[in-house]
């Protein structure tokens, strides 16, 4: 059978391992991916999360698989299969570390038997659930065909036959001072049973069991290996069959099965992460994804932040956004520590997670299928490049705009804070003009209120405060005209620092 990536619609096959995208740290996506893959390190899942899709059809293909995986019964079956495959890989790794020939082959045989059991159980289990996705339907057929293929039937039949033959080989070890001998078992009595029977009458209640259970993974010493070699001489045909089995099936794991075993963990790990958040009342949805720049998300949130708050008493604040033609740029302003940067990260996270074919935070969403995401967040000065803060902001922004296309997404967060307001306004307007020329989707967090009303392409959103107490943040970001001056006036009034209040307090 031809190897292919069924669950990823061939998009999961990667010739090279991709690097973590540059914007991951700024958007806290590195924290999200680390959390998703923390308990799945053996599967090397991060490359899948570093590879966004450029095709909406491939994204919807993954949506179908994700929806199937929301069936608890299917997930349980997949996890049971994965556990068996973990045992298979563990046995095969052990084979590489062992020193004695028949010990190695015994573990190899056991690995093959567990593999056969895993495939047989998987075929049965997949036929007990209702599948709807093209990926799982194709995989179920593949497993059924593979199960009945001559290659698998030969593997399973030979493995069982060899195991049965070895299990029926009985022998006795005669131990003498300084030597031992091995011979076929000829019906001699088992004296351990006689001893137990003799001393049974002295037994008083439950006693501690001092017998040692020698675990199979404990290895084999040279004496045991020598005994096994002698047993092989006593039963040459049975051990020759073991040799032949190992030679005939040296690579018994089917490549498509191997790929499935890894790729399915992409789905399992993401759904495991969001399950706890859904139990806490947060919404996830399968977004529409395409070329439309009329994007929206309702009740969205920062996934990294939500996870960090999972076991605290602090609530996760959700926010909405939408853009309608010709709107392209969300300008976010408002008081410090009011959730503006979190909102900007959320916008980027949503689009990136959507590009992976994953459910995204929110109860309903339509998102843009981008070619690149760029993020400009404040960084500490790098003394090695001899650039000042302002120059570094300009250089980084120039590099972004030189690389961006009309299909890119740009997240800008509080740039030009190191210069005067006049210079910040001038530079920001110049950059905004270029962004509008490229027709980019953009979220720009800024203290420059003027940017929000530059064009019909810009939309103002403001982080709000409690009206009765402007010092308290609501962390809600809403569409409204920028009101930095009104916020400052509210703070001044709260602390009786307006011009009139100060004047009234000064004795005449």
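Here, each number is a calculation from the coordinates, and none is a lab measurement. Just so it is clear, the model here is predicted, and its values are computed rather than measured. Virtual Cβ from ideal backbone geometry, glycine too; neighbours counted across all protein chains shown.
Here are the numbers:
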item: Rg/Rh for the stretch 67-200, where both radii come from Cα atoms and Rh is the Kirkwood radius; result: 1.17
item: 0 to 90° range, to nearest 10: angle between helix 236-248 axis and the chain longest Cα axis; result: 20 degrees
item: Over the chain: Kirkwood hydrodynamic radius from C-alpha pairwise inverse distances, Å; result: 28.2 Å
item: Longest to shortest principal axis, alpha-carbon extents of the stretch 97-170, angstrom; result: 50, 26, 20
item: Cα-Cα separations in the stretch 293-378 greater than 14 Å, expressed as whole percent; result: 67 percent
item: Cα long-axis angle, helix 101-126 against the chain (0 to 90 degrees, to the nearest 10); result: 60 degrees
item: Solvent-free Debye scattering, log10 I(q)/I(0), computed from the Cα coordinates of the stretch 313-445 at q = 0.21 Å⁻¹; result: -1.40
item: The stretch 321-371 and the stretch 411-436: distance between their alpha carbon centers, rounded to Å; result: 21 Å
item: Separation in nanometres of the label points that stand 7 Å from Cα toward Cβ, at residue 278 and residue 51; result: 2.6 nm
item: FRET efficiency, residue 41 to residue 501 (Cβ-Cβ, R0 60 Å, nearest 0.05); result: 0.50
item: Pair residue 71, residue 234: separation of 7 Å Cα→Cβ label points (nm); result: 5.1 nm
item: Using distinct alpha-carbon pairs, which all enter the 1/r mean, Kirkwood radius of the stretch 38-129 in Å; result: 15.8 Å
item: P(r), alpha carbons of the stretch 242-307 - 10 Å bins starting at zero, rounded %; result: 14, 27, 24, 15, 10, 8, 1
item: Hull volume in cubic angstrom per residue (convex hull over the Cα atoms of the stretch 233-354); result: 195 Å³
item: Distance in nm between pseudo-label sites at residue 120 and residue 19 (7 Å out along the Cβ direction from Cα); result: 4.9 nm
item: Rounded tilt (10° steps) of 421-438 against the dominant C-alpha axis of the chain; result: 60 degrees
item: Relative pair counts by distance (%), Cα atoms of the stretch 283-505, 10 Å bins; result: 8, 31, 34, 20, 6, 1, 0
